[in-house]
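These notes are about the structure you will find just below.
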Amino acid sequence: MTFGIRNLVGIHRLHNGEANYSTPLIFKGYAQWSYWQRKAFDYLIWCHLAHSLDFLVALLCWLWIFPLTFPQANEWHWEWVSKVFLFNLACEFTVYPFWHFITQARVSPYARGPLHEKKFNPKYPYDEKGQYHLLREMTFTTLGWLQSAFVQCVFMWLWASGRLPYYYDFWSRPVFSTFILLGVTFWREFHFYWVKILFLIKFLHSIELKIRRFIVLCIHGGQ
């Protein structure tokens, strides 16, 4: 997901000219807390609340799509697989165009308002001939959602066919269930951080190799 409820509220406040647009919806005394109080709150509570949109989408899938598809998931059939894929694509084409309209679209009053000056790069990122940048983002975002749908189908098939054990009642194992639910957030942050770091290292390493090859080429060329 790309944004949370706090982001939307903050953008709306900023658009309406409110000075304290980033004030939390709850815990309004957050800014007056000590450094360690804020950090403890961020890593123990706020990190989970920030992903409330992710949780709501997963809950919708559990309450709506799962009952329609899981009874048939013991065998691979296009009927239930297509529903899972369509749900994931529907989430993509609901969430991302809305976020794009709010933050980037030229016709959006929010994107043309005070938010424009708050961006790290206020230049319109898709203002190029051919719109290759936008097409690339749409392509890889869609591929990510298709991958997510495929992984979901695989695990549903493993559970429904008895190849992988599972339990249906969340509160039958309250401690383990809560640990897994909260652990997803920490794994997401840990994974996102280190993937970015490794990507940066690989990128810098590739630049170093290109520089070395260029130096060698220059030396041998001079000889």
List, largest first, the extents of the alpha carbons of segment 5-166 along their principal axes, each in whole Å. 56, 48, 22
Per residue of segment 8-21, what does 6.51 cos²θ - 1.76 cosθ + 1.60 with θ = phi - 60° give for ³J(HN,Hα)? Whole Hz please, x for Gly and Pro, Karplus curve as stated. 5, 5, x, 5, 5, 4, 4, 5, 8, x, 6, 5, 9, 6
For 164-172, 95-103, ranked highest to lowest by mean beta-carbon neighbours within 10 Å, the order is 95-103, 164-172
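So if we plug the beta-carbon distance of Phe27 and Phe140 into 1/(1 + (r/R0)^6) with R0 = 45 Å, what FRET efficiency do we get, rounded to 0.05?
On the way: r = 36 Å, r/R0 = 0.80.
Efficiency at R0 = 45 Å is approximately 0.80.
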Sites matching GluC sites (Glu not before Pro) across segment 49-148 that sit in DSSP coil, with at most 10 neighbouring C-beta atoms within 10 Å: Glu75, Glu128
Once you have all Cα-Cα distances for segment 8-56, histogram them in 5 Å bins from zero and send the whole-percent values. 5, 18, 23, 23, 19, 11, 1
Approximate spin-label separation Arg163-Phe192, in nm, with each point projected 7 Å along Cα-to-Cβ: 3.1 nm
Sum up the lysine pairs in the chain that clear both bars: alpha-carbon distance under 23 Å and a spacing of 8 or more or different chains. 7
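Throughout, read-outs are computed from the coordinates displayed, never taken from laboratory work. Everything quoted here is computed from the prediction, not taken from an experiment. With ideal geometry, Cβ positions are generated from the backbone for all residues, glycine too; neighbour counts draw on all protein chains shown.
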